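Below: the structure, in structure tokens.
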Amino acid sequence: MDRGTRARLAEASVSGYLLRRLLSLLPVLWAVVTLIWLILFVLPGDPAALMAGGLRADPHVLATIRADWGLDDSAPVQYLRYLAHLASGDFGNSYLQGRPVSRILAETFPATAILALAAMVLASLGGVALGVVCAAWEQRWVDHLVSFISLVLISLPVFWLGMMLILLFASSLGWLPVLGYGMEGRRIPGTGFHLPELKHLILPALTLALFSLGAICRVTRASLLEVLKQPYVRSARAKGTSPLALHLRAALRNALIPVVTVLGIDLATLLGGAVATEFVFAWPGLGKTIVHGIADRDLPLVEGGVICLCLAFVLVNVAVDLCYTLVDPRVRLQ
Amino acid sequence: MILFRRSLAFWALASLLLVAVACSSGEPPKPAVEQVLRMRMRENPPDTDPAQSADTLSDRINLAIHDGLVDFDPRSVELIPAVAESWDISHDGLQFTFHLRPGVHFHNHRVLTSADVVYSFTRILDPKVNSKRREILADIKGAETFTRGKSSSVQGLEALDAGTIRITLERPLAYFLQLLGTPAAAIVPREVYEDPQKGFLSHPVGCGPFKLSRWERSQFMELEAFGDYYGGRPKLSRILVRFIENPASAMEEYRHGGLEYMDEMVGSESTIAREMPQDYRKAPFLGTFYFGFNLARLPFKGNVELRKAFNYAVDRQALCEQVFEGTLSPSRGILTPGTPGYNPELKGYSYDPGRARESLVKAGYPGGKGLPVLDLWVNNNQKLLEAAQKVQADLKAVGIPVRVKAADFATFLQALQGTPEAPGEALFYRYGWNADYPDPDAFLYWLLHSRNAGPAGNIGRYSNPKVDALLDRARSLVRMEERIPLYREAERIAVEEDAVWLFLADYTQRVLIKPYVKGVVLSPLGAIRIPLERLWIEAPAPASQKPR
């Protein structure tokens, strides 16, 4: 088999794999949409009352809102109507904002994605480096200290950690802004979206990263120690390979498979779980928007947000699967 | 050579003069202060359409962008001219003729005319718009038939010429002018607000002192001084409204110098007041805080002695001092100090556990025996929960069993409101009411009249024909001195005879404003009425306080 044929076969294999993964997403999405819809439907609270002005609402206005939004219809009718709109790619309009959900998602999801990616970069660089240090000095004081700090970081509530970082780096030292996204970030042409200013990104990304960093460090350490016990590493050591080359060249790449898995899960979790950080740093992200949507019983907004996160979750996992093949050539997509 | 010497002498003299001038002026000239006010708001304003403005966030923004025919003086809350420079009222109080100020421009630079006033008011009554604030114009002649779709225009709205408009009412309404000062009664340009795509929701256009220049959702809203504002260009060149949900983070930002104005405080207010005495401002506010009874259900239905027992059992003074650190003051009735018609002689209820026990006996529940455990509904808020726990302890001391039930706002709302026909499930709940306009009617009509039973305001479903008649009569009179005795009598009946709810406290407003922001006036109608167009920044901000 020549090289071109092999490349074509590999390409077909990846395309087929992606198609299968995306198709398998459909029943998952349907189940998630239905579950969220049911939960929001049975929750006490009337979105029409909130739309009509909260504590003081004109009964006539309330009735008109219910009729306009079809909130008087039976549950099956509302559910099927929502599914029909969704099937045609229409997420509907947000009850409270009165704007298309797709536009709200386009405004908020990139901010969350940027935050999660920045946190992931910081966490993976720091976590892997510290994991290598721990494994290299196993059972020495450095290992014990880093392991202890990792455990502390995993245990700290994000909300508290964020406030402490604000007090230290913004209020006391004055190095970084307290909160916000920044007004001067570069606007992405053709979209209404603008990037955050770097100085505004650092603290929220660090807050999120510190939480993940501990877990990545521990997984890297454990995995690396496992690989270091392999016969090929012992052979390399016997041949006189330096400890640095042994850890970084011979062992680390093979130890990365579980680390990549954790990174993938962490990134997907950060996308949906950055809400506390978004809240502390006034970050205009999707997590905060979904939480508001739940409080306001804004069903289209919550559904749209959850579908968006679901898609992101699956795509990240697909990317992780693809990364396996890069990290370890023995892994094949099936 | 001589020329050279003369020239040298000239330059030496000039240099000396320059040095002298510099020395005589003391410090080098200060750079002009950047006139930017950065204020915190919890989140985006939900409704930038004034016709739908029904919450403080929306009202704050709408008051900056829009103006109505009249306005309130922020200090005295008396009516002052706005878009209308003057008005005449007919002897029977039915016709109001407004003379518009010449040269009022919208932000799109079009001149405002009486046709815009007719359009704006018709829009509020339009059934298709379904305005949350329709009630402010509901008494205009022909409003009802128009809203029901039986006529194509509102009979009582007439543009006499480009600068004059006449409004005719169905019946006299003493506070009609006050209603026109509420944020919903803003004048808007037809060409912008007829957009079926509702572009005005993201780019509102008004004739107010500030125009929207940029809105990044959930980040900030930038308002720019409107150069053609009829009241003169505002001193502030721009206002940056920053959306910061977490009050703890916002407090840090305020301390750090990233905000000039904060509307919510975290932690002990007395500590904050000590820490920042020049920033902390407190002022009266036309609002009342109480725990309501569901009068349509047992055990409160028809049992006035039980309701009085609750009122005697609670120590309001201790509640205000211990829970609210003196920021709220105990109330004796419904109307708050500063409201026209406020009755300082109303007795109300003093803290008297002995009388509470006596009332319980008369109510048929001696020592609280036979009373079910009552859920006290509170929406999730730390201070409200603490207040509920204090009231729970006081009631328990006389034998009334109460369980605090905290819920998110949507659940809380549903439990309270019910429908106009059926009461909600909550029997005992926290409630509060702010006046939209400075008139006793703003409290008493909405909270007590049986016509408003349910979501319209009378959540407790109080119904007393005598009180209804007094309120109806007071609404129809024009002269305040004739109206006030009627309102006072209605309030006395509701408080002293019927004990309609558990009276607790009068609200105050507290804000943090940097001392270098000048021209601040806290209106009794709330911090949303701080006249932004009159503010200016006095001192140059230190380096760390430059607008970001």
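Just so you know, all these numbers are worked out from the coordinates, no wet-lab data involved. The shown structure was predicted, so the numbers you read here are calculated from the model rather than taken from an experiment. Don't worry about glycine lacking a Cβ; one is built from the backbone with ideal geometry, like all the others, and counts go over all protein chains shown.
Rg and Dmax of chain A, based on Cα coordinates, read 24.3, 86 Å. Please work out the Cα center distance from the stretch B:457-489 to the stretch B:157-174, rounded to the nearest Å. The stretch B:457-489 and the stretch B:157-174 have Cα centres separated by 26 Å. With Cα atoms defining each centre, the stretch B:502-542 and the stretch A:144-191 are spaced 32 Å apart in the structure. Once C-alpha pairs closer than 8 Å and six or more residues apart are averaged by separation and normalised to the residue number of chain B, the relative contact order reads 19 percent.
Charge tally around A:E303: other residues with Cβ under 14 Å, Lys/Arg +1 each, Asp/Glu -1 each, net -1. A simple spin-label model places pseudo-atoms 7 Å from Cα toward Cβ; at A:R103 and B:K466 they are separated by 5.5 nm. Site pair B:A422 and B:E194 shows an inter-label distance of 4.4 nm when each label is modelled 7 Å from Cα along Cα→Cβ.
Local charge sum around B:E496 (other residues, Cβ-Cβ under 12 Å, Lys/Arg +1, Asp/Glu -1)?
+1
Going by a ≥ b ≥ c, the root eigenvalues of the Cα gyration tensor, does the stretch B:468-536 fall in the rounded group (a/c under 1.5), the prolate group (a/b larger than b/c) or the oblate group? Numbers along the way, then the final one.
Values: a/c = 4.83, a/b = 1.99, b/c = 2.43.
Judged from the Cα gyration tensor, the stretch B:468-536 comes out oblate (a/c at least 1.5, b/c at or above a/b).
Per the Debye calculation on the stretch B:391-544 with a single equal scatterer at every Cα and no solvent contribution, log₁₀ I(q)/I(0) for q = 0.10, 0.12, 0.21 Å⁻¹ amounts to -0.55, -0.73, -1.35.
Using +1 on the beta carbon of Lys and Arg, -1 on that of Asp and Glu, and nothing else charged, what's the dipole of the stretch B:216-375 about the Cα centre, debye to 20?
So the dipole magnitude of the stretch B:216-375 works out to roughly 980 debye.
Which one, A:S171, A:S223, A:S88, has the greatest fluctuation when you compute a Gaussian network model over chain A with C-alpha springs under 10 angstrom? Judging by the Gaussian network model, the answer is A:S88.
Net length available on complete extension from B:E275 to B:E78 is 67.5 nm, with 0.36 nm assigned per residue and the Cα-Cα distance removed. In a DSSP loop and with at most 11 other Cβ atoms within 10 Å, the GluC sites (Glu not before Pro) in the stretch B:247-350 are B:E345.
One decimal place: the segment A:I188-A:S235 gains 11.7 nm when fully extended, by the rule 0.36 nm per residue minus the C-alpha distance.
Loop-located trypsin sites (Lys or Arg not before Pro) in the stretch B:465-537 (DSSP state not H, G, I, E or B) with no more than 13 neighbouring Cβ atoms inside 10 Å: B:R479. Principal-axis analysis of the Cα atoms of chain B puts helix B:247-256 at an angle of about 30° to the longest axis. In terms of overall dimensions, the C-alpha atoms belonging to chain B reach 118, 58, 44 Å along their principal axes, ordered largest to smallest.
Look at the dipole of the stretch B:456-548 built from charges on Cβ: of B:W536, B:G457, B:V500, the Cα furthest out on the positive end belongs to B:W536. Helix B:353-363 axis versus longest C-alpha principal axis of chain B: approximately 50°, rounded to the nearest ten.
Electrostatic bookkeeping for B:L328 treats Lys and Arg as +1 and Asp and Glu as -1; over the other residues with beta carbon under 14 Å from its beta carbon, the sum is +1. Quick check on the stretch B:55-155: take the gyration tensor over C-alpha atoms, sort the square-rooted eigenvalues as a ≥ b ≥ c, and tell me if it's rounded (a/c under 1.5), prolate or oblate. Cα axes put the stretch B:55-155 in the rounded bin. Assuming charge only on the beta carbon of Lys and Arg (+1) and of Asp and Glu (-1), the dipole of chain B about its Cα centre is about 780 debye to the nearest 20.
Indicate the gyration tensor shape class of the stretch B:209-301 (rounded, prolate or oblate), computed on the Cα atoms with a ≥ b ≥ c the square roots of the eigenvalues: a/c under 1.5 is rounded; otherwise a/b larger than b/c is prolate and the rest oblate.
On the way: a/c = 2.16, a/b = 1.54, b/c = 1.40.
Note, shape of the stretch B:209-301 comes out prolate.
Diffusion coefficient of the protein assembly as shown by Stokes-Einstein, Kirkwood radius over Cα pairs, 37 °C, 0.692 mPa s: 105 µm²/s. Checking the cross-link pairs B:K235/B:K518; B:K362/B:K396; A:K288/B:K383; B:K128/B:K198; B:K301/B:K362; B:K369/B:K396 against a 20 Å limit on the alpha carbon distance flags A:K288/B:K383 as lying beyond it. Relative to the Cα centre, the charge distribution of the stretch B:232-281, modelled as +1 at Lys and Arg Cβ and -1 at Asp and Glu Cβ, gives a dipole magnitude of about 400 debye. Relative to the longest principal axis of the Cα atoms of chain B, helix B:465-476 runs at roughly 30 degrees. Placing R0 at 45 angstrom, the Cβ-Cβ distance between B:S90 and B:Q322 gives a FRET efficiency of 0.25 after rounding to 0.05.
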